[in-house]
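Student: Dumping the structure here so I can ask a few things about it.
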Ligand code: 13P
């Protein structure tokens, strides 16, 4: 993805019911200004996507699916396909650590989902990141390498232009233990290095890479100031419309805090 816009994505995970989600969007739409240099994306539970797609002004907010199945249709009870999400969401999370670790999604599943998203004109946000154990074993770069190879196999250079990568160290998710900006820079450079190796320098320079993991309204500016970071993927802090709107404000380059 072109890096001209800072992407701020709120992943609500399995929180907020229909009524709460609608109220949240109503509140957020009053406080978030539309800026040309910021794209605000909400990833609510699947149950609320249809109604929110009718409620939100897509120029103000875009929507993302938290998950979907990689087949386009068929006898897959309980699943939702990327084909069914077309017209409702513009983005889809793929390979989030909770999908990898709680639901045991493999690189093969993740690769198939990346392909399904692309096939259905959704922008996959491919999440990668190491666990605390892998970090302690100094395996961060190897894990990022494997997850990128795993998720991006079969992706062409043209398709890569419509993919976003999110670096989310597993140990930083929902723990309040956010990664140091210097470590985030380091990891994202490793990600770009891998993209360069696979697709060339231009693709690496153009790759939009987000950071996620215990980001708050207070810490957001520290990450957004990093030249390697093109946006944020926010869990807990995105559940509070006020905190989330503060983060969006910081992403706007007109903000005194921006790089
Ligand atoms: P937290 O911001 O709650 O750590 O969650 C990050 C995340 O998993 C976003 O996808």
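Read-outs throughout are calculated quantities, based only on the coordinates presented, and are distinct from any laboratory measurement. Bear in mind that the values here come from a model prediction, so they are computed numbers and not experimental data. Here Cβ is always computed from backbone atoms with ideal geometry, including for glycine, and neighbour counts include all displayed protein chains.
Student: Which order do 80, 234 fall in if you start with the one that has the fewest other Cβ atoms within 10 Å?
Tutor: 80, 234
Student: Once every Cα of the stretch 1-139 carries one equal point scatterer and solvent is ignored, give the base-10 log of I(q)/I(0) from the Debye formula at q = 0.09, 0.14, 0.15 Å⁻¹, two decimals.
Tutor: Taken in order of the listed q values, log10 I(q)/I(0) reads -0.29, -0.70, -0.79.
Student: Which of rounded, prolate or oblate describes the chain when judged by the alpha-carbon gyration tensor and an a/c cut-off of 1.5?
Tutor: It comes out rounded by the Cα gyration axes.
Student: Tell me, 165, 149, 173 in order of fewest to most beta-carbon neighbours within 10 Å? Please list the in-between numbers first.
Tutor: On the way: 165 28, 149 14, 173 23.
Taking fewest neighbouring Cβ atoms as first place, the list is 149, 173, 165.
Student: Here's another thing I want to ask about it. Among 79, 168, 246, what is the fewest-to-most ranking by other Cβ atoms within 10 Å?
Tutor: 79, 246, 168
Student: Could you tell me the distance between the Cα centroids of the stretch 186-259 and the stretch 20-77, to the nearest Å?
Tutor: The two parts, judged by their Cα centres, are 20 Å apart.
Student: Oh, and also: Short version: what are the Cα gyration tensor semi-axes of the stretch 86-173, square root of 5 times each eigenvalue, largest first, in whole Å? It would help to have the intermediate numbers written out before the result.
Tutor: Working: eigenvalues 109, 36, 23 Å².
That gives 23, 14, 11 Å for the three semi-axes.
Student: Let me ask you something else. Could you compute Rg(Cα) / (2.2 N^0.38 Å) for the stretch 30-81, with N its residue count? Working shown, then result.
Tutor: Numbers: Rg = 13.9 Å, N = 52, 2.2 N^0.38 = 9.9 Å.
It is 1.41.
Student: Regarding the stretch 57-105, what's the average projected area of the Cα-atom convex hull, expressed in nm²?
Tutor: The orientation-averaged projected area of the Cα hull of the stretch 57-105 comes to 4.0 nm².
Student: What is the spread of the Cα atoms of the stretch 171-247 along each of their three principal axes, largest first, in whole Å?
Tutor: The principal-axis extents, from largest down, are 40, 23, 17 Å.
Student: Applying a 10 Å radius around every beta-carbon, put 125-133, 43-51 in order of their mean neighbour count, most first.
Tutor: 125-133, 43-51
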